[in-house]
1. Looking at segment 96-115, is at least one residue out of contact with any Cys (no Cβ under 7 Å at 6 or more places or on another chain) and more than 19 Å from residue 182 (Cα to Cα)?
2. Tell me the helices (runs of 4 or more DSSP H) entirely within segment 66-181 that contain at least 1 residues that are at pLDDT below 90.
3. Which pairs do you get when a residue that is under 16 Å from residue 127 (Cβ atoms), found in segment 147-164, comes within reach of a residue that is modelled with pLDDT of 95 or more and among the acidic types (Asp, Glu), reach meaning Cβ atoms under 7 angstrom, with the pair 6+ apart or on two chains?
4. Taking segment 95-133 only, how many residues are in contact (Cβ under 8 Å) with a residue 24 or more places away in the chain and either of a type in the set (A, V, I, L, M) or not assigned by TED's automatic domain parsing to the domain that holds residue 184 (or both)?
5. Return a yes/no flag: does segment 164-176 have any residue that is farther than 21 Å from residue 115 by Cα and either in contact with a Phe, Trp or Tyr (Cβ under 9 Å, 6 or more places away or on another chain) or of a type in the set (Phe, Trp, Tyr) (or both).
Amino acid sequence: MDANLLRSRSKQSRSTRAAVGDQGSAEDLVKASTGSPGWTAEGENQAASITDLSQPVSDGAPLLEAPASVQEMAEAAVGAHSDEAVKKGALIHDFCFGIPYGSVLALGGVIWYFVKRQPVSLWHGLALGLTQLLLSAQSLKAWKKGASSFPYILGSLGIALFLTVTKGRAFAQGAPFLPMGLTALTSILMALFFFYVLLAGGNPPPKANKAPAV
(Lines give C-alpha, C1' and ligand atoms only; values in the text may rest on other atoms or scores of the structure.)
Protein backbone atom coordinates (compact mmCIF):
# COMPACT_ATOMS: atom_id res chain seq x y z
CA MET A 1 0.00 0.00 0.00
CA ASP A 2 2.83 2.36 0.74
CA ALA A 3 4.30 1.56 -2.64
CA ASN A 4 1.03 2.44 -4.38
CA LEU A 5 0.86 5.73 -2.48
CA LEU A 6 4.40 6.63 -3.49
CA ARG A 7 3.71 5.86 -7.14
CA SER A 8 0.55 7.99 -7.05
CA ARG A 9 2.36 10.94 -5.50
CA SER A 10 5.18 10.58 -8.10
CA LYS A 11 2.64 10.77 -10.95
CA GLN A 12 1.00 13.86 -9.43
CA SER A 13 4.42 15.52 -9.09
CA ARG A 14 5.30 14.85 -12.72
CA SER A 15 1.90 16.17 -13.89
CA THR A 16 2.38 19.33 -11.84
CA ARG A 17 5.87 19.95 -13.24
CA ALA A 18 4.60 19.36 -16.80
CA ALA A 19 1.76 21.83 -16.30
CA VAL A 20 4.11 24.43 -14.85
CA GLY A 21 6.50 23.89 -17.77
CA ASP A 22 3.73 24.36 -20.33
CA GLN A 23 2.57 27.54 -18.63
CA GLY A 24 6.14 28.89 -18.61
CA SER A 25 6.57 28.11 -22.29
CA ALA A 26 3.34 29.91 -23.11
CA GLU A 27 4.38 32.98 -21.14
CA ASP A 28 7.79 32.99 -22.84
CA LEU A 29 6.09 32.78 -26.22
CA VAL A 30 3.81 35.71 -25.43
CA LYS A 31 6.74 37.78 -24.20
CA ALA A 32 8.79 36.95 -27.26
CA SER A 33 5.98 37.92 -29.63
CA THR A 34 4.63 41.02 -27.91
CA GLY A 35 6.98 42.18 -25.24
CA SER A 36 10.44 41.95 -26.75
CA PRO A 37 12.45 45.19 -26.62
CA GLY A 38 13.34 45.08 -30.32
CA TRP A 39 9.71 44.76 -31.43
CA THR A 40 8.62 47.50 -29.08
CA ALA A 41 11.23 49.97 -30.40
CA GLU A 42 10.34 49.24 -34.02
CA GLY A 43 6.64 49.61 -33.32
CA GLU A 44 7.22 52.89 -31.54
CA ASN A 45 9.28 54.18 -34.47
CA GLN A 46 6.55 53.25 -36.96
CA ALA A 47 3.91 54.83 -34.78
CA ALA A 48 5.97 58.00 -34.48
CA SER A 49 6.37 58.13 -38.27
CA ILE A 50 2.64 57.72 -38.81
CA THR A 51 1.96 60.40 -36.21
CA ASP A 52 4.34 62.81 -37.92
CA LEU A 53 2.71 62.26 -41.30
CA SER A 54 -0.76 62.77 -39.86
CA GLN A 55 0.09 66.15 -38.41
CA PRO A 56 -0.97 69.15 -40.61
CA VAL A 57 1.68 71.19 -42.35
CA SER A 58 2.21 74.58 -40.82
CA ASP A 59 1.13 77.64 -42.82
CA GLY A 60 3.69 78.99 -45.25
CA ALA A 61 5.91 75.88 -45.07
CA PRO A 62 5.57 73.82 -48.30
CA LEU A 63 6.59 70.18 -48.19
CA LEU A 64 8.69 70.57 -51.35
CA GLU A 65 10.34 73.62 -52.81
CA ALA A 66 11.00 73.75 -56.57
CA PRO A 67 14.52 74.61 -57.64
CA ALA A 68 15.14 78.24 -58.50
CA SER A 69 15.68 77.43 -62.18
CA VAL A 70 12.30 75.68 -62.43
CA GLN A 71 10.57 78.60 -60.73
CA GLU A 72 12.20 81.05 -63.11
CA MET A 73 11.12 78.98 -66.12
CA ALA A 74 7.55 78.84 -64.84
CA GLU A 75 7.45 82.58 -64.23
CA ALA A 76 8.85 83.23 -67.71
CA ALA A 77 6.23 80.97 -69.26
CA VAL A 78 3.42 82.76 -67.42
CA GLY A 79 4.86 86.16 -68.29
CA ALA A 80 5.05 85.22 -71.96
CA HIS A 81 1.24 85.01 -72.00
CA SER A 82 0.61 88.29 -70.24
CA ASP A 83 -1.01 91.18 -72.08
CA GLU A 84 2.23 93.18 -72.17
CA ALA A 85 4.21 90.32 -73.73
CA VAL A 86 1.54 89.29 -76.25
CA LYS A 87 1.09 92.78 -77.66
CA LYS A 88 4.27 92.91 -79.73
CA GLY A 89 2.96 94.24 -83.04
CA ALA A 90 2.44 92.49 -86.35
CA LEU A 91 3.91 89.12 -87.16
CA ILE A 92 5.71 90.46 -90.24
CA HIS A 93 7.40 93.82 -90.81
CA ASP A 94 5.86 96.11 -93.41
CA PHE A 95 9.14 96.37 -95.32
CA CYS A 96 9.38 92.58 -95.68
CA PHE A 97 6.64 92.80 -98.31
CA GLY A 98 6.95 96.52 -99.08
CA ILE A 99 10.40 96.26 -100.65
CA PRO A 100 9.47 93.42 -103.07
CA TYR A 101 6.19 95.20 -103.86
CA GLY A 102 7.99 98.43 -104.78
CA SER A 103 10.57 96.55 -106.84
CA VAL A 104 7.88 94.77 -108.87
CA LEU A 105 6.04 98.06 -109.47
CA ALA A 106 9.17 99.86 -110.65
CA LEU A 107 10.37 97.00 -112.85
CA GLY A 108 6.90 96.42 -114.29
CA GLY A 109 6.50 100.13 -115.12
CA VAL A 110 9.78 100.19 -117.03
CA ILE A 111 8.99 96.98 -118.94
CA TRP A 112 5.48 98.07 -119.82
CA TYR A 113 6.70 101.48 -120.99
CA PHE A 114 9.04 99.88 -123.55
CA VAL A 115 6.33 97.44 -124.64
CA LYS A 116 3.44 99.91 -125.06
CA ARG A 117 5.27 103.23 -125.10
CA GLN A 118 2.82 104.64 -122.60
CA PRO A 119 4.18 107.42 -120.32
CA VAL A 120 1.53 106.57 -117.74
CA SER A 121 3.40 103.32 -117.14
CA LEU A 122 6.37 105.29 -115.90
CA TRP A 123 4.15 107.28 -113.53
CA HIS A 124 2.10 104.40 -112.13
CA GLY A 125 4.94 101.91 -112.26
CA LEU A 126 8.39 103.41 -111.98
CA ALA A 127 7.59 106.52 -109.91
CA LEU A 128 5.23 104.84 -107.44
CA GLY A 129 7.49 101.78 -107.26
CA LEU A 130 10.52 103.89 -106.35
CA THR A 131 8.40 105.80 -103.81
CA GLN A 132 7.33 102.52 -102.26
CA LEU A 133 10.95 101.38 -102.09
CA LEU A 134 11.92 104.64 -100.38
CA LEU A 135 9.11 104.32 -97.82
CA SER A 136 10.03 100.72 -97.02
CA ALA A 137 13.73 101.59 -96.70
CA GLN A 138 12.91 104.43 -94.30
CA SER A 139 10.63 102.12 -92.32
CA LEU A 140 13.46 99.60 -92.04
CA LYS A 141 15.85 102.30 -90.86
CA ALA A 142 13.36 103.54 -88.25
CA TRP A 143 12.73 100.01 -87.04
CA LYS A 144 16.45 99.42 -86.49
CA LYS A 145 16.62 102.59 -84.39
CA GLY A 146 13.50 101.68 -82.41
CA ALA A 147 11.65 104.70 -83.82
CA SER A 148 8.08 104.85 -85.14
CA SER A 149 7.40 103.56 -88.66
CA PHE A 150 3.80 104.78 -88.69
CA PRO A 151 4.16 107.51 -91.39
CA TYR A 152 6.00 105.15 -93.74
CA ILE A 153 3.44 102.37 -93.32
CA LEU A 154 0.65 104.87 -93.86
CA GLY A 155 2.33 106.12 -97.07
CA SER A 156 2.66 102.56 -98.34
CA LEU A 157 -1.01 101.99 -97.61
CA GLY A 158 -1.89 105.10 -99.62
CA ILE A 159 0.08 103.90 -102.67
CA ALA A 160 -1.52 100.46 -102.54
CA LEU A 161 -5.04 101.95 -102.27
CA PHE A 162 -4.39 104.36 -105.14
CA LEU A 163 -3.24 101.60 -107.46
CA THR A 164 -6.11 99.37 -106.37
CA VAL A 165 -8.67 102.00 -107.35
CA THR A 166 -7.07 103.15 -110.61
CA LYS A 167 -6.01 99.77 -111.95
CA GLY A 168 -9.18 98.08 -110.72
CA ARG A 169 -11.35 100.67 -112.47
CA ALA A 170 -9.39 100.26 -115.71
CA PHE A 171 -9.72 96.48 -115.51
CA ALA A 172 -13.45 96.78 -114.86
CA GLN A 173 -13.78 98.96 -117.99
CA GLY A 174 -12.24 96.30 -120.21
CA ALA A 175 -8.50 96.68 -119.82
CA PRO A 176 -6.49 93.42 -120.03
CA PHE A 177 -5.69 91.48 -116.88
CA LEU A 178 -1.99 91.96 -117.55
CA PRO A 179 -0.98 94.39 -116.25
CA MET A 180 -4.14 96.17 -115.00
CA GLY A 181 -5.94 93.29 -113.29
CA LEU A 182 -2.75 91.81 -111.85
CA THR A 183 -1.61 95.18 -110.49
CA ALA A 184 -5.04 95.81 -108.94
CA LEU A 185 -5.09 92.35 -107.31
CA THR A 186 -1.55 92.69 -105.96
CA SER A 187 -2.23 96.21 -104.69
CA ILE A 188 -5.40 95.30 -102.81
CA LEU A 189 -3.56 92.44 -101.09
CA MET A 190 -0.78 94.81 -100.11
CA ALA A 191 -3.30 97.39 -98.88
CA LEU A 192 -4.83 94.76 -96.62
CA PHE A 193 -1.38 93.80 -95.35
CA PHE A 194 -0.36 97.38 -94.52
CA PHE A 195 -3.73 97.93 -92.84
CA TYR A 196 -3.15 94.81 -90.73
CA VAL A 197 0.30 96.03 -89.65
CA LEU A 198 -1.21 99.33 -88.51
CA LEU A 199 -4.03 97.62 -86.60
CA ALA A 200 -1.60 95.19 -84.94
CA GLY A 201 0.35 98.08 -83.46
CA GLY A 202 3.16 98.40 -85.96
CA ASN A 203 6.20 96.33 -86.76
CA PRO A 204 7.37 93.71 -84.26
CA PRO A 205 10.11 95.30 -82.15
CA PRO A 206 13.76 94.33 -82.24
CA LYS A 207 14.84 91.78 -79.65
CA ALA A 208 16.32 94.45 -77.40
CA ASN A 209 13.03 96.39 -77.26
CA LYS A 210 9.71 95.38 -75.76
CA ALA A 211 7.31 97.98 -77.16
CA PRO A 212 6.11 97.63 -80.78
CA ALA A 213 7.79 100.02 -83.21
CA VAL A 214 4.67 101.67 -84.63
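The values are calculated or read from the model by the stated rules, or taken from the named source; none is laboratory data. Keep in mind that this is a model prediction, so the values were computed, not measured. Backbone-built Cβ (ideal geometry, glycine too); neighbour counts: all protein chains shown.
1. First pass over segment 96-115, keeping only residues out of contact with any Cys (no Cβ under 7 Å at 6 or more places or on another chain): 96-115.
Imposing the further condition that a residue be more than 19 Å from residue 182 (Cα to Cα) reduces the set to 96.
Yes - at least one qualifying residue is present in segment 96-115.
2. Values: elements: 68-80, 83-86, 94-116, 128-145, 150-172.
Because the criterion is at least 1 residues that are at pLDDT below 90, the helices (runs of 4 or more DSSP H) in segment 66-181 that meet it are 68-80, 83-86, 94-116.
3. 156/94
4. Count: 7.
5. no
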